[in-house]
1. Can you tell me how many residues in the range 16-59 are hydroxyl-bearing (Ser, Thr, Tyr) and surrounded by fewer than 16 Cβ atoms within 10 Å (Cβ to Cβ)?
2. Name the residues in the range 2-15 that are surrounded by 11 or more Cβ atoms within 10 Å (Cβ to Cβ) and either under 16 Å from residue 60 (Cα atoms) or among the hydrophobic types (A, V, I, L, M, F, W, C) (or both), would you?
3. With the requirement that a residue be of a type outside the set (Gly, Ala, Ser) and under 17 Å from residue 49 (Cα atoms), what does the range 5-19 give you?
4. Scanning for something more than 23 Å from residue 7 (Cβ to Cβ) and of a type in the set (A, V, I, L, M, F, W, C), does the range 32-48 turn up at least one residue?
5. Restricting to the range 1-53, name every residue that is outside any helix (DSSP H, G or I) and charged (D, E, K, R).
6. Using beta carbons and a limit of 8 Å, which pairs, at least six apart or on different chains, have the first residue in the range 53-77 and farther than 14 Å from residue 38 by Cα and the second one surrounded by 10 or more Cβ atoms within 10 Å (Cβ to Cβ) and of a type in the set (S, T, N, Q)?
Amino acid sequence: MKVTPDSVRGYQTLSNANAKNSHLGEKRRQLISLAVAVTTRCDGCITVHTDAALKAGAALIYSLRALDAVDAHSTPQ
């Protein structure tokens, strides 16, 4: 928001408009947004969409399973 406030406001406007007409529901929208945020390595986006997903009732238990898989494959054999 500090670097490109106009871009962020534009994104928020677009996102809010989509929220009103979305067939996915808020929980799925936020989980998809979170996946994109992780993929694009956007720390701020990860924070915002994690908070929104939790508020929408999303369970993030599979995130822990993914981290467990990373640990399992990172351990020297």
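1. Residues in the range 16-59 being hydroxyl-bearing (Ser, Thr, Tyr) and surrounded by fewer than 16 Cβ atoms within 10 Å (Cβ to Cβ): 4 in total.
2. Hit for the range 2-15 is 8, nothing else.
3. Once the filter is applied, which keeps residues that are of a type outside the set (Gly, Ala, Ser) and under 17 Å from residue 49 (Cα atoms), the range 5-19 yields 8, 9, 11, 12, 13, 14, 16, 18.
4. Scanning the range 32-48 turns up no residue that is more than 23 Å from residue 7 (Cβ to Cβ) and of a type in the set (A, V, I, L, M, F, W, C).
5. 2, 41
6. 56/30; 58/30
Here, each number is a calculation from the coordinates, and none is a lab measurement. Here the structure is a predicted model, which is why all the values come from computation and not from measurement. Quick reminder, even Gly has a Cβ in these numbers, built from the backbone with ideal geometry, and neighbours come from all protein chains shown.
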